[in-house]
Amino acid sequence: MTTPKTLSEKIWEQHLVRQEEGQPDLLYVDLHLVHEVTSPQAFESLRMSGRKVRRPDLTMSTVDHNIPTIGRDLPNPDPLSQQQIETLRTNCKEFGIQLFDMFDLRQGIVHIIGPEQGLTQPGMTIVCGDSHTSTHGAFGALAFGIGTSEVEHVLATQTLLQARPKTMSIEVNGELSFGVTAKDVILAIIRKIGVDGGVGHVIEYRGDVIRNLSMEGRMTICNMSIEGGARAGLVAPDETTFAYMQGRPYVPKGEDWDRAVEAWRKLPTDEGAKFDTYVTLDGAAIEPHVTWGTTPAQSVPVSGRVPSPEDAATASARETAERSLTYMDLKAGTRIQDIAIDRVFLGSCTNGRIEDLRAAAKVVSGKHVASTVRAMVVPGSGLVKAQAEREGLDQIFKDAGFEWRDAGCSMCLGMNPDILMPGERCASTSNRNFEGRQGAGGRTHLVSPEMAAAAAVAGHFVDIREVL
Amino acid sequence: MQPVKDITGNAIPLNRADVDTDQIMPKQFLKRIERSGFGPFTFFDWRKDPNFVLNNAAYEGAPILVAGPNFGCGSSREHAPWGLEDMGIQAIVAPSFADIFRNNCAKIGLLTVVLPQEDVDYLIARAEELPAQRIKVSLAQQTVSIEGTDWARHFDVDPFVKHCLLEGLDDIGLTLQHDEDIAKFESTRSPLLPTTSTAA
Ligand code: SF4
């Protein structure tokens, strides 16, 4: 009998090109996603050493980080952004890589378009010069972020040198309460394990709560694995996965589909397989979360208050908490629902999918954004945007006073003109509340799409369970 | 990549946990398409505080950075290590590092050294007290020592990373030597796997 294996171990072993004692494993990469920010230096270096892209047909690219979300037909207001976008265009042309460019309906955030096109499939290895590549793990793929030197390595060899990671099982049992979303689950997980709890590990999310989530919800969870320190997070493929995938442009058709599904069914972790680390959470106990600080682990239930640094477990945690409170201009003991906001950002690879927009639209339908708030919706891809418009969601948002934008990363990191002004406070559906992430001096509170929508209407955080 | 030699010089004490790459290299500088010249942009926002350690002339040109746990967390941007390297940092000592950041450093020959929290605390205190204190980081010996004292600590390093750093080896060149293995693997891949040219 063979030893029982976990999902990530199976994928790892199926992609081993070469293994040698004392060296990292050489893994084959099934899909390499490329965007404009982390690739120019890799292509340049490739050119300088006279190397080619080994498998342009396993490489896909788009523009997302820099690109404006309004007035795309006008000249880009930032010449440097423009240069970066044009550089990607030139590189894709020179090396024969498919690009979903600015006016392609399929353009969007790199982690949204892979699953949307059906390029993301169970059992694959997927890499991208972007830490949120973990998103693709929702399909039972082993997907992780890499740096630019590694991007160059993958371009040249279609492989990656990687030390074998440890495995972590995070089990969320039971059932979620009303008003609690996948975003709240991952915020609760990160709060529990800490921002470095997953370092060196691949996380597999398990348990009834995960099984009952939609693919969108699973992607939200896997997306933020990196915020818990893990490079990859995955969920075993099941009927929900297959139903989501079927019929998408790049998935197998007809008999091939049946054969593919048959192979995917063998992927889930074997009975009796061991993980290096185990974590469990009770799903029923999770409440809607709001971050109050400058790391994604600094969150509390919306019914709570800003915690006191005095209660921190260690001296260094206390210092970190004090710094966070100063930066966020918050006082310990303040009720979360008394925190007033200036901006709302609905979007990003964490929560910029159609289901997120539907959920938020439901909350704002027939209501209006508070007079003190400026709110925007940035769909994760051109196709998400088109779908939302077919469903009339754009009208609901516009009627409620939201700005309705074109697809991109936008204010998740503010490389384009969508940024917070110093001191502005934002309820954001993105993934990072680091200092200055959404604009120098800006203050970010991470929440679910529903909570962001409700905050937009009220002008401050509200408990979504009292609104729905 | 240049081979990593013994590094001797003073150390910058950055006593903060969870320093993320958004702080090390803020987004507005990621638009450049060059690989060099990122040094002046490191910690751009934190440098606005006159009391920030990098604004202290005593640490100018120091080749070693000592920092709190989980250094380099967040975004995968290699621009962060490029910036640190460009400002003259050759080794970073911390109780722990984020995975991607650590990989990125290894690829460009920037040494990351993990020491227990109490040793890092000691180094930070020493560097704060005596900004000119010279510290030696030897990859060959796998030691960090404080010059003029008998304080010395051993650190662990992945043997392959050590070998590559000491020899200044180019990963891609190494992997390309295994072209046959790669081609062999490719010939066994399932035909059902997607390519970017096979959309329906
Ligand atoms: S949406 Fe934000 S987190 Fe996602 S890829 Fe874009 S910048 Fe990164």
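Sequence-distant contacts, meaning Cα pairs under 8 Å at least 6 residues apart, place the relative contact order of chain B at 26 percent. Around the amide H of residue A:403, modelled in the peptide plane, lie the amide H atoms of A:375, A:376, A:377, all under 5 Å away and 5 or more residues distant in sequence or on another chain. Across the range A:257-396, the relative contact order, built from alpha-carbon pairs under 8 Å that are at least six residues apart, equals 17 percent. Computing FRET efficiency as 1/(1 + (r/R0)^6) for residue A:278 and residue A:327, where r is the C-beta to C-beta distance and R0 is 30 Å, gives about 0.30.
Reducing the range A:397-468 and the range A:108-131 to their Cα centroids gives an inter-centroid distance of 25 Å. For chain A, what is the percent of antiparallel DSSP beta bridges, rounded to the nearest 5? Roughly 25 percent of the beta bridges in chain A run antiparallel, per DSSP. Near the amide H of residue A:167, within less than 5 Å, lie the amide hydrogens of A:202, A:276, A:277, all on another chain or at least 5 residues away, with H placed in the peptide plane. Within a straight-line Cα-Cα reach of under 26 Å, residue B:184 can be paired with the following lysines, leaving aside sequence neighbours fewer than 8 residues apart in one chain: A:5, A:10, A:52, A:266. Out of all DSSP beta bridges in the range B:7-188, what portion is antiparallel? Express it as a percent rounded to 5. Approximately 45 percent, going by the DSSP bridge assignments.
Note on chain B: with a GNM built from Cα contacts shorter than 10 Å, the maximum mean-square fluctuation among B:143, B:175, B:112 falls on B:175.
Backbone amide hydrogens, once placed in the peptide plane, bring residue B:113 within less than 5 Å of B:92, B:93, B:94, excluding anything fewer than 5 places away on its chain. For trypsin sites (Lys or Arg not before Pro), the sites in the range A:41-126 that DSSP calls loop and that have at most 15 other Cβ atoms within 10 Å are A:52, A:72.
Tell me, which longest segment in chain B has none of the chymotrypsin sites (Phe, Trp or Tyr not before Pro) that fall in DSSP loops with at most 16 further Cβ atoms within 10 Å? In chain B, the maximal stretch lacking such sites is B:53-150. Going by the alpha-carbon gyration tensor, a ≥ b ≥ c the square roots of its eigenvalues, is the range A:406-448 rounded (a/c under 1.5) or, if a/c is not under 1.5, prolate (a/b greater than b/c) versus oblate? Oblate, because a/c is 1.5 or more while a/b does not exceed b/c.
If you sort the three axes of the alpha carbon gyration tensor as a ≥ b ≥ c, you get a/c under 1.5 for the protein assembly as shown, which makes it rounded. Averaged over peptide A:438-451, the number of partner chain Cβ atoms lying within 10 Å of each residue's Cβ comes to 1. Look at the stretch B:166-177: the mean tally of other chain Cβ atoms within 10 Å of its residues' Cβ atoms is 4. Model label sites at residue A:104 and residue B:156, defined 7 Å from Cα along the beta-carbon direction, differ in position by 4.4 nm.
Mean per-residue shielding of peptide A:51-61 is 3, counting Cβ atoms of other chains within 10 Å of each Cβ. Orientation-averaged projection of the range B:7-188 equals 11.9 nm² [convex hull of Cα atoms, one quarter of hull surface area]. Straight Cα distances below 18 angstrom link residue A:385 to the lysines A:362, A:398, with same-chain residues fewer than 8 positions distant left out. Shape analysis of the range A:348-468 places it in the oblate category; the axes a ≥ b ≥ c from the Cα gyration tensor give an a/c of at least 1.5, with a/b not above b/c. Approximating the spin labels as points 7 Å out from Cα along Cα→Cβ, the residue B:143-to-residue B:197 distance works out to 5.8 nm.
Taking all C-alpha pairs of the range A:1-110, those more than 16 Å from each other amount to 68 percent.
Build a GNM of chain B with springs between Cα atoms under 10 Å apart, and of B:159, B:13, B:69 the one that fluctuates most is B:159.
Which FRET efficiency value, to the nearest 0.05, do you get for residue A:239 and residue A:398 by plugging their Cβ-Cβ distance into 1/(1 + (r/R0)^6) with R0 = 25 Å? E between residue A:239 and residue A:398, to the nearest 0.05, is 0.10. The value of relative contact order for the range B:3-53, using C-alpha pairs under 8 Å at least six residues apart, is 40 percent. Converting phi to 3J(HN,Hα) with the Karplus coefficients 6.51, -1.76 and 1.60 and the offset θ = phi - 60°, the range A:264-279 yields 5, 5, 8, 6, x, 3, 5, 3, x, 5, 9, 9, 6, 9, 10, 9 Hz in sequence order, with x at every glycine or proline.
For the options B:23, B:141, B:117, a Gaussian network treatment of chain B with springs between C-alpha atoms closer than 10 Å singles out B:141 as fluctuating the most. Highest-first packing order for the peptide set A:151-161, A:192-202, A:303-313 is A:151-161, A:192-202, A:303-313, based on the mean count of other beta carbon atoms within 10 Å. If R₀ is 45 angstrom, what is the calculated FRET efficiency for the pair residue A:19 and residue A:311, using the beta carbon separation as r and rounding to 0.05? E(calc), rounded to 0.05, equals 0.40.
The chymotrypsin sites (Phe, Trp or Tyr not before Pro) found in the range A:206-306 include none that occupy coil by DSSP while having at most 11 further C-beta atoms within 10 Å.
Helix content alone sets the calculated 222 nm mean residue ellipticity of chain A: runs of n ≥ 4 DSSP H residues at -39500 (n - 2.57) each, divided across all residues, give -9500 deg cm²/dmol.
Just so you know, all these numbers are worked out from the coordinates, no wet-lab data involved. All figures in this text were calculated on a predicted structure; none of them were measured in a lab. With ideal geometry, Cβ positions are generated from the backbone for all residues, glycine too; neighbour counts draw on all protein chains shown.
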